[in-house]
Amino acid sequence: MRKNEPESEQDIQLYEMMLNRRRWDRLQGYMAGITVPFICTLIDWPLRHVLGPASILMTYLLGVFLVASRYGRGASIIASLLSAPVFAFYFASPIFSFAISDLENIIGLGVMIVVANVTSNFLERVQLQAEISKQRENRANALYRLSQALSDAHNQQSVAGIAVSHIYDDFGALSVLLFPDQEFQLHYPSDIPLEHSLRGVDLQIAQQTYQQHTAKQTSKSTGPIAYYPLERSQTIQGVLAIESPAGADLASPELITFFDTFLNLISQTLERLNLTEKANNANLQAETESLRNALLSAISHDLRTPLTRIIGAGTALVENNADFSAEEKLDFNRVILDEAQRMSELTSKMLDMARLTAGEIILHQEWNALEEIVGSALNRLEKNIGTRPIRTLLPDHLPLLWIDAVLVEQVLTNLIENAIKYTPAGSPIDISAELSASNLTVNVSDYGFGIPQGMEEKVFDKFYRLESESHQGGVGLGLTLCRAIIEAHGGTIQAANQYGKGASFIINLPIHEPPTLNCFEEMAS
Amino acid sequence: MTDEIKPLILIIEDDQQTRRLLKTNLCNRGWRVIEAENGKNGLSLVKSDSPDLVILDLGLPDIDGISVTKRLRQLSDLPILVLSARSQEQNKIMALDAGADDYLTKPFSTGELHARLQALLRRVMRTINNMETFQTGELTVELARRKVFIAGNEVHITPIEYRLLSILVRHAGLVVTHRQLLKEVWGVEHIHDQHYLRVYMGQLRHKLEINPARPRYLQTEVGVGYRLVDDEEC
């Protein structure tokens, strides 16, 4: 396949130059074929008395051989055919006549012509073979490059981009990949057209190709376009449309095989991507399903427990009010208040979860100070903290962080709340931060019993709860949410046990170049 | 707020149970209460009865809370406390920016409600009395002389820091949104430059707080704004 419609003026010039050069090469060959015998004659003429006719014939043979090796068969035949009469005229007696009296000379000439022919034939075959093996190498390289590039592709668009650019590089043809939508209708890609993308494709023919699984061709005024189904084991992934059909211009079946391999590689990649996507979707669906079920059972359990107590205390107060002393009534009221507060906490947690697990987390990032977020989280938890010592070790002059403060505050609140819940009353909690070149590390550590060995990653799993904490309220989503939030910020969160301490949660957040303050003090006065 | 002139509070809330609870609570505290179950009635009650304070629920059936806030602000300068559900975070901030003075997230305790109402009524008293000195805990701000003291020792603060602090003092005990602060200190063209606020509030905290990561006076309301704690509150 060659590039059959040179588009720009530059292309046309290049194309003409190539044609000219090939013509010039051939012309040069013929010229050489004509001149070389005469040059030999010029060299041999002064030496005709020293050299015998056999030696002189050898020089002609050498000349023909050189022409053959440089310009190929055509030129060498001209040279050998011309050498014969020239030799006969100048060197073979009788001199200055084309007649040859000497039998030896006739044989010599015959041998020369045969040798010239055989060598030039031989040389040409060697050259051809070299060319073929070079071409094969190029194709092997091209296939290797393609498969390399395709192995990195992670979606249809990237496959299309890779395929189109490789087809252009290796076949010099514009092409486009068409993929079906949900209703199996082929469409032009909706994104920005690629540099070597083929335009003006007949979607109807492409659709036929897609439905019938057979390659089709058109010959339009704009140039013929071929449509190939991209299929593997009966499942069709799309259609490749390419200008200038393989086959029409292809001389060798080898090129067709090459092109088929190309197509095969592309189809294979598309199939792989398709299967991965299907598997992922199935996994996701199963996960959502089990998530929903687990959430439902956890919620109904966790809401029912406080409700039972509220209803119990409430009915007691309403139905047997007169039987209770003032102190007992206050007790019942306290139960109602405590349980209602637990329910309130639980429902707000569940609201957060619903919001965050419903889809991907939407970040409202702004420049925020860690100090403020820590302060706010601690303020929010004031009641839970009570008199427990909280040590905050934040270095001065921390850079502002490009984060969603509400969500990061939620992470800190969850971590501190956990520390309060699962460590002995009165044991301290440390919140520290450390700055490195590209990261800010925030550490929330407690002095409790730590996390059981080997469970450091497990605690981030959905619905995971340590055995010892099953009596505590909560659904086991807190840390899962923390991780989701931190990862949405491009950071990491890990759990560890610290020697001599309890559990430690380590958050790494990326540092961004903070904006400059282009307003200085003099503005305010 | 003496017993002779009991403040009149208007509750605009569509849920009857919540209204009942609020009324019982406020009457117990010696406040007079009038009620409206929707925005329209609420607005006409403001015109006819001129209450001292409005408690406004953001999820009204007829007019949305933000529009009610805007119209209330056109009518008068009376303090507005908005009640918001957790799902209305954004509305809450919009209501504050539209002129509401503070907010409470449902569910709230009576303690929180009283603290907010006290702070709001104090704000009114301050504007009337033209306060000269503000004091909370060990922090003293002499508004006339533009001087700040911690435990009697003067703290040197820059003009921008002082402007931030004075706005917070004016709204002591109440939340002031990021937008409000940015607008008042740097001007309307800077209302999105939150980093200015972070930097200067940080400086103020480091000058006024013993532990800036656990501030006693300058509290952060993440996603909303800042609040200067008013000690008389409790």
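What to note about this one:
- Applying the condition of being outside any helix (DSSP H, G or I) and touching a residue at least 12 places away in the same chain (Cβ under 8 Å) to segment A:35-82 and asking which residue is surrounded by the most Cβ atoms within 10 Å (Cβ to Cβ) yields A:Gly72.
- In segment A:211-234, residue surrounded by the fewest Cβ atoms within 10 Å (Cβ to Cβ) [restricted to those that are among the small types (Gly, Ala, Ser) and modelled with pLDDT of 80 or more]: A:Ala215
- Top-ranked residue in segment B:120-147 [being among the β-branched types (Val, Ile, Thr) and out of contact with any helix residue (DSSP H, G or I) (no Cβ under 7 Å at 6 or more places or on another chain); ranked as modelled with the highest pLDDT]: B:Thr140
- Residues in segment B:112-161 that are of a type outside the set (A, V, I, L, M) and surrounded by 17 or more Cβ atoms within 10 Å (Cβ to Cβ): B:Arg116, B:Gln118, B:Arg122, B:Arg123, B:Phe134, B:Thr136, B:Thr140, B:Glu161.
- Candidates B:Val46, B:Val33, B:Val54: the one that is within 21 Å of B:Leu117 (Cβ to Cβ) and touching a Cys at 6+ places or on another chain (Cβ under 9 Å) is B:Val33.
- A:Glu137 vs. criteria exposed (fewer than 12 other Cβ atoms within 10 Å of the Cβ), under 20 Å from A:Thr209 (Cα atoms) and free of Cβ contacts under 8 Å to residues at least 60 places away in the same chain: no
- Conditions (1) in the same structural domain as A:Ala419 (by TED's automatic domain parsing); (2) not in a helix (DSSP H, G or I): number failed by A:Val374: (2)
- When the test is whether a residue is buried (at least 18 other Cβ atoms within 10 Å of the Cβ), modelled with pLDDT of 90 or more and more than 10 Å from every other protein chain (Cβ to nearest Cβ), A:Ala377 does not pass it.
- Within segment B:84-100, not a single residue is within 22 Å of B:Leu21 (Cα to Cα) and of a type in the set (Val, Ile, Thr).
- Some residue of segment B:78-86 being without any contact (Cβ under 8 Å) to a residue 24 or more places away in the chain and in contact with a Ser or Thr (Cβ under 8 Å, 6 or more places away or on another chain): yes
- A search for C-beta distances below 6 Å between a residue of segment A:9-34 that is under 29 Å from A:Gly172 (Cα atoms) and any residue that is at pLDDT below 75, counting only pairs 6+ apart in sequence or on different chains, returns A:Ile12/A:Pro6; A:Tyr15/A:Pro6.
- Per the listing A:Gln208, A:Gln237, the residue uniquely modelled with pLDDT of 75 or more, of a type in the set (S, T, N, Q) and more than 28 Å from the chain's Cα centre (by Cα) is A:Gln208.
- Of all the listed residues (A:Asp338, A:Asp352), the sole one being acidic (Asp, Glu), more than 10 Å from every other protein chain (Cβ to nearest Cβ) and in contact with a helix residue (DSSP H, G or I) (Cβ under 9 Å, 6 or more places away or on another chain) is A:Asp338.
- Considering residues of segment A:429-457 that are outside any strand (DSSP E or B) and touching a strand residue (DSSP E or B) at 6+ places or on another chain (Cβ under 6 Å) only, the residue nearest to A:Thr392 (Cα to Cα): A:Gly450
- Selection status of A:Pro424, in the same structural domain as A:Ala377 (by TED's automatic domain parsing) and more than 37 Å from the chain's Cα centre (by Cα): yes
- Checking each residue in segment A:316-330 for being surrounded by fewer than 14 Cβ atoms within 10 Å (Cβ to Cβ) and either assigned to a helix (DSSP H, G or I) or not small (Gly, Ala, Ser) (or both) picks out A:Val318, A:Glu319, A:Asn320, A:Asn321, A:Ala322, A:Asp323, A:Ala326, A:Glu327, A:Glu328, A:Leu330.
- Test: B:Leu197 is out of contact with any Ser or Thr (no Cβ under 8 Å at 6 or more places or on another chain) and under 23 Å from B:Leu78 (Cα atoms): no
Residue by residue, here is whether (1) touching a Leu at 6+ places or on another chain (Cβ under 8 Å); (2) on the phi > 0 side of the Ramachandran plot; (3) at pLDDT below 85 holds:
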position	(1), (2), (3)
A:Ala298	no, no, yes
A:Thr308	no, no, no
A:Asp323	no, no, yes
A:Ala326	no, no, no
A:Lys329	yes, no, no
A:Asn333	yes, no, no
A:Leu337	no, no, no
A:Glu345	no, no, yes
A:Ser348	no, no, yes
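- Set B:Gly99, B:Gly137: member being of a type in the set (Gly, Ala, Ser) and not assigned by TED's automatic domain parsing to the domain that holds B:Tyr217: B:Gly99
Let's see how each residue does on (1) closer than 14 Å to A:Ala495 by Cβ; (2) within 10 Å of chain B (Cβ to nearest Cβ); (3) at pLDDT 90 or above:
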site	(1), (2), (3)
A:Ile373	no, yes, yes
A:Leu381	no, no, yes
A:Pro389	no, no, yes
A:Asp446	yes, no, yes
A:Lys458	yes, no, no
A:Thr480	yes, no, no
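- Matching residues, segment A:129-172, being of a type in the set (Ser, Thr, Tyr) and more than 20 Å from A:Pro189 (Cβ to Cβ): A:Ser133, A:Tyr144, A:Ser147, A:Ser151
- Filter result for A:Arg304 (modelled with pLDDT of 75 or more and more than 14 Å from chain B (Cβ to nearest Cβ)): yes
Residues are listed down the side, and each one gets a yes or a no for (1) more than 12 Å from chain B (Cβ to nearest Cβ); (2) touching a Ser or Thr at 6+ places or on another chain (Cβ under 6 Å); (3) surrounded by 19 or more Cβ atoms within 10 Å (Cβ to Cβ):
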| residue | (1), (2), (3) |
| --- | --- |
| A:Leu363 | yes, no, no |
| A:Leu393 | no, yes, no |
| A:Glu409 | no, yes, yes |
| A:Ser427 | yes, no, no |
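The values are calculated or read from the model by the stated rules, or taken from the named source; none is laboratory data. For clarity, every value in this text was computed on a predicted model and none was experimentally measured. So basically every Cβ, Gly included, is an ideal-geometry build from the backbone, and we count neighbours across all protein chains shown.
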